[in-house]
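Some notes on the structure that comes next.
What follows is calculated from the coordinates using simple rules that are stated; it is not laboratory data. Remember, predicted model here, so these are calculated numbers, not experimental data. Using ideal geometry, Cβ is built from the backbone for each residue, glycine included, and neighbour counts are taken over all protein chains shown.
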Amino acid sequence: MEAYLFTFFGKFIGSIVGGATGLGGMMISLPILSLGMPASTAVLVSCLSGAVSCMQLAWLYRRYVVWDDMKLLWLACIPGCIFGAFTLKVVSVALLQIMISIMIFCFILLQLFSRHAQWKLGDSLGWTLAAGFTGGFAHASVSVVGVPLGVFVLLKRWDRDRARATLCMFFVFSGWMTLVSQWMAGLYEFDLLKLAAVGLVGSLVGQPVGFWIGRHLNQKVFVRFVLLFLSCAAIVLFYKGIR
């Protein structure tokens, strides 16, 4: 019973954050889920419920999606995932985590202290494909799909609705790719499905609340949250890489 309570409230709280900003939901919910189950189980439960609940969030933000960009991001995500999985065979996960965390730290410092902080990515096919590729690569190698896309939407200077719509739609695609690969690897058992169902209920209740809150967020608050998310992700990756 304890595991079910932590699953529901963890996904509920995480989904409020994810619904409001488009990212960070799993980072919030995983520590709460881990209070009631092993960390490896928490990851699988979160992936399973998240792949389904992301579809609801994507539906809520659907009117803000620019489909030309979205198709390119999805297309580039596939080879990125393949390359990320291959890289794991020749490069240690720890080294990848340290390298990605350092790049994130550099980006954050530039955003906070540099006179180039307002530099904007142009409407380029190459940049969009690069973002999708790096998102797939990071997802397959160190499971931080939100980091490259978070950097991308900040540099594009998109308004918060378009940015959140892009993030949510990308997570639907990458989430189902992960789910299929984990299912084929035989990682899911019946008890996990029951926990995931409870987590799904928490997500489906929390995301509309987060969506409503997000409608009242101004652009500056949204940008600050994305920078905070990237900072936390960099710290976690660096810690995992050196321990």
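Partner lysines whose Cα lies under 26 Å from the Cα of Lys89, excluding those fewer than 8 positions away in the same chain, are identified as Lys240.
Where nothing but the Cβ of Lys and Arg (+1) and of Asp and Glu (-1) is charged, how large is the charge dipole of the chain around its Cα centre, in debye to the nearest 20? Taking the Cα centre of the chain as origin, the dipole is about 620 debye.
Extension gain for Trp59-Leu75 works out to 3.7 nm (0.36 nm per residue, less the C-alpha to C-alpha distance). The helix-only estimate of mean residue ellipticity at 222 nm for the chain, built from DSSP H runs of length n ≥ 4 each weighted as -39500 (n - 2.57), is -28000 deg cm²/dmol after division by the residue total. Region 193-238 and region 17-93 have Cα centres lying 11 Å from one another.
Here the simple spin-label model places points 7 Å from the Cα toward Cβ, and for Ser181 and Ile213 these points are separated by 3.1 nm.
An ellipsoid equivalent to region 152-243, defined through the eigenvalues of its Cα gyration tensor, has semi-axes of 28, 20, 14 Å when rounded to whole angstrom and sorted largest first. In summary, the lysines within cross-link reach of Lys120, defined as a Cα separation below 29 angstrom excluding same-chain residues under 8 places away, comprise Lys71, Lys156, Lys220. Here the simple spin-label model places points 7 Å from the Cα toward Cβ, and for Met103 and Phe190 these points are separated by 4.4 nm.
Rounded, prolate or oblate: which one fits region 1-99, using the alpha carbon gyration tensor with axes a ≥ b ≥ c (rounded when a/c is under 1.5, else prolate when a/b beats b/c, else oblate)? Cα axes put region 1-99 in the oblate bin. In the chain, taking the dipole from charged Cβ atoms about the Cα centre, the farthest positive-side position among Val91, Trp67, Gly175 is held by Trp67.
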